[in-house]
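Everything on this sheet refers to the single structure shown next.
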Amino acid sequence: MPIADEFYLMTHDDVSGDSRLHAKAVGFGLAAALLAELCLLDLVRPLPEGVAVRQAPPPPDALTARVHGQLLAEPQLHPVRDWLAYLGRSAEADIAVRLTATGALQLVETRRLLGVQRRFMPVSVNDAAWPAARIIGRLRRQEDLSLEDRILAGLVFATGLSNTFMWDDVRGRQLSHIIAVLDEPLRLLIAETELAVSKAVATLT
């Protein structure tokens, strides 16, 4: 499953499908996850001066290809924070649609007095809970994490989701090591995500 899909499941309740975080934090985190997917395909490279994009045939996944095309369409480099803000506006809905297409989510409509409420809900509670359970289990057992799981763990901490999961026992002890072994562009992506979320949260207080 793509990184952004797993991070979506982690940021939403396993049963109800409700978000576990503020909408801004979810958007920034999912936008970062989409950029991370392109990083793993060697199509983008977050740099201090902006996100560098490589000219290449579009990836097979429609959403990933669309994001790649959006970055390619820009004639100049834009800072990571700008792409997080731009992609974050639609990332939650875009990824929910992708997860629905693969059968992981279902669109449920509930009739209300003032209209119809629509929400995306997990088809399988166990499948929805698996990404978070897998990562926290490996962290607590101090097992090696795959590159994808290291990115996910970094995004969990960057968005504040670790507070929701109560990962206090691994937060300080292993976070620095998890991020330190990532290459510089991914470390920058996670750091910029944390900064964007922190600024967004500050405006709410």
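The values are calculated or read from the model by the stated rules, or taken from the named source; none is laboratory data. Note that the structure is a prediction, hence the values are computed from the model and not measured. Because the Cβ atoms are built from the backbone with ideal geometry, glycine has one as well, and the counts that use them run over all protein chains shown. Only protein heavy atoms, including side chains, enter the accessible area calculation; ligands, DNA and RNA are left aside. Shrake-Rupley method; radii C 1.70, N 1.55, O 1.52, S 1.80 Å.
Provide the descending list of Cα extents for region 55-130 along its principal axes, expressed in whole angstroms.
Result for region 55-130: principal-axis Cα extents of 48, 29, 20 Å.
Cα extents of region 19-105 along the three principal axes, largest first, in whole Å?
That gives 35, 28, 19 Å along the principal axes, largest extent first.
Would you mind counting up the charge near R20? Only other residues with Cβ under 15 Å from its Cβ, with Lys and Arg at +1 and Asp and Glu at -1.
Taking every other residue near R20 into account, the sum is -3.
Need one number: the % of Cα-Cα pairs in the chain sitting beyond the 27 Å mark.
29 percent
Can you give me the accessible area per residue for region 71-191, using a 1.4 Å probe, in Å²? List each step's numbers first, then the result.
On the way: 6760 Å² over 121 residues.
Per-residue accessible area for region 71-191 comes out at 56 Å².
Rolling a 1.4 angstrom probe over the protein chains, ignoring ligands and nucleic acids, what is the accessible area of L30 in square angstrom, nearest 10?
Approximately 0 Å² of L30 is accessible to the 1.4 Å probe.
Would you mind telling me the share, in percent, of accessible area of region 59-99 contributed by carbon and sulfur at probe 1.4 angstrom?
56 percent
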